[in-house]
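A quick write-up on the structure given underneath.
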Amino acid sequence: MGEDSKSTRAAAHRRRGRGSGGRRRKAPARHKGRRIAGWTAAGLVLAGVGGAGFLYFKFNGNLNSVDINAALGKNRPQNIDNGSQDILVLGSDSRAGANSKYGRDEGSSRSDTAMIVHIYAGHKKASIVSIPRDMMVPRPACKTPDGKTAPARRSEQFNEAYSIGGAACAVATVEKMTNIRMDHYMEVDFAGFQKLIDKLGGVQVTTTKPIHDKFSHLDLDAGTHKLNGEQSLGLVRTRHGVGDGSDLGRIKLQQAFIKALLDQVKHIGLFTSPTKLYGIADTATKTITTDKELGSLDKLASFANGLKGIGSGDMHMVTLPVGDDPLDANRVIPLPEQSTLLWDALRNDKPIPDAAVKDGAGTKTGADDVVK
């Protein structure tokens, strides 16, 4: 084939691939649109994954955890695998930093509020047992923050355990008292609690009597109120403004508030408001301290998801039955017979019998039904 024929075909080929002016023809608009849509979708997916990753690491980095298992070793109650879970929940009253306005910083924290939450097998119901913070109990030997060992005590105020040895000592004391292994541990402090309530938009409660307590900064008339974070904190801390002024009376208010809080969480529609959900997640993960087994976002979220079916009506809330301490009229001790019935019921994943909570001090404190 001659050179002239090859040149002619090459020129024709070049003309088919070029438009006027010798420029490459533009791709058809529909093809370009498809490419743009494809790259846009890919970009959105990548942005979504990146955003989720950023939030995961942010929230995960907020969490504080304590390795309870490593601290306590093997000298613990048997881990009974019956589908139930027991969680020690503490409210810390450290007066350092943002908590300083609630009192003088004495260099240590105390467990201002203590509850054992028992989740029954199937995760449809729960029992919550409030522990009076001034109750006298045996305390095992505990490691102190400076690495020393605080010797065991036959009788010591319950909240001293946390002051002496932190979360691990509090768990060890509860396990010695109940012979029930705590599956998890959670702690929240004053400042964190207040911020979390504000992020939730407050909590609605109805008071049947006025509550005026200058010590907890609470001033409420009888009626329905939407409490902000500081007012909510005042309510769960007040003891001088209601009833007989005892810690047992304060526990009654705490239990009523928890039910109101659960109802509030249920009705605010967190998952329909990404902004509110973000703010609550950010605050909550900064607010709580957990055991190591719950110390990551995915584990904590999985745990919370397993409890979402439990509402305020599914919770049985009681106070550990106590009586006067014969050695100190200003302190109380657990009532042996009732306490045994209560702990045996939880250990065997059974409902708490009525006989386990009757005749205890504090059943009539003057604080009953003050908050609904």
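Structure notes:
- Sequence ranges 222-228, 78-84, ranked by mean other-Cβ count within 10 angstrom, highest first: 222-228, 78-84
- The trypsin sites (Lys or Arg not before Pro) of the range 130-209 that DSSP puts in a loop, and whose beta carbon has at most 12 other beta carbons within 10 Å, are Lys148.
- Cα-only Debye scattering, the range 278-333: base-10 log of I(q)/I(0) at q = 0.16, 0.25, 0.31 Å⁻¹: -0.74, -1.04, -1.17
- Separation in nanometres of the label points that stand 7 Å from Cα toward Cβ, at Lys350 and Asp81: 2.4
- Derived scalar couplings between HN and Hα for the range 80-88 equal 7, 9, 10, x, 8, 9, 10, 10, 8 Hz in order, rounded to whole Hz, by the Karplus curve 6.51 cos²θ - 1.76 cosθ + 1.60 (θ = phi - 60°), x for Gly and Pro.
- The range 115-222: chymotrypsin sites (Phe, Trp or Tyr not before Pro) falling in loop per DSSP and having at most 16 other Cβ within 10 Å: Phe215
- Three-way shape call for the range 189-234 based on the alpha-carbon gyration tensor, with the a/c threshold at 1.5: oblate
- Length added when fully stretched, Lys266-Glu230, from 0.36 nm per residue minus Cα-Cα: 10.8 nm
- In terms of its C-alpha gyration tensor, the range 118-253 has a prolate overall shape, because the principal axis ratio a/c (a ≥ b ≥ c, square roots of the eigenvalues) is not below 1.5 and a/b outweighs b/c.
- Accessible area of Lys292 in the full protein assembly, 1.4 Å probe (Å², nearest 10): 110
- Each residue of the range 114-173 gets 81 Å³ once the volume of the Cα convex hull is shared out per residue.
- Cα-based convex hull, the range 165-211, per residue volume (Å³, whole number): 169
The values are calculated or read from the model by the stated rules, or taken from the named source; none is laboratory data. Just so it is clear, the structure is predicted and the values come from calculations on it, not from any experiment. Cβ sites come from the backbone with ideal geometry, for glycine too, and all protein chains shown count toward neighbours. Areas reflect the complete protein model, heavy atoms only, side chains present, ligands, DNA and RNA absent. Shrake-Rupley method; radii C 1.70, N 1.55, O 1.52, S 1.80 Å.
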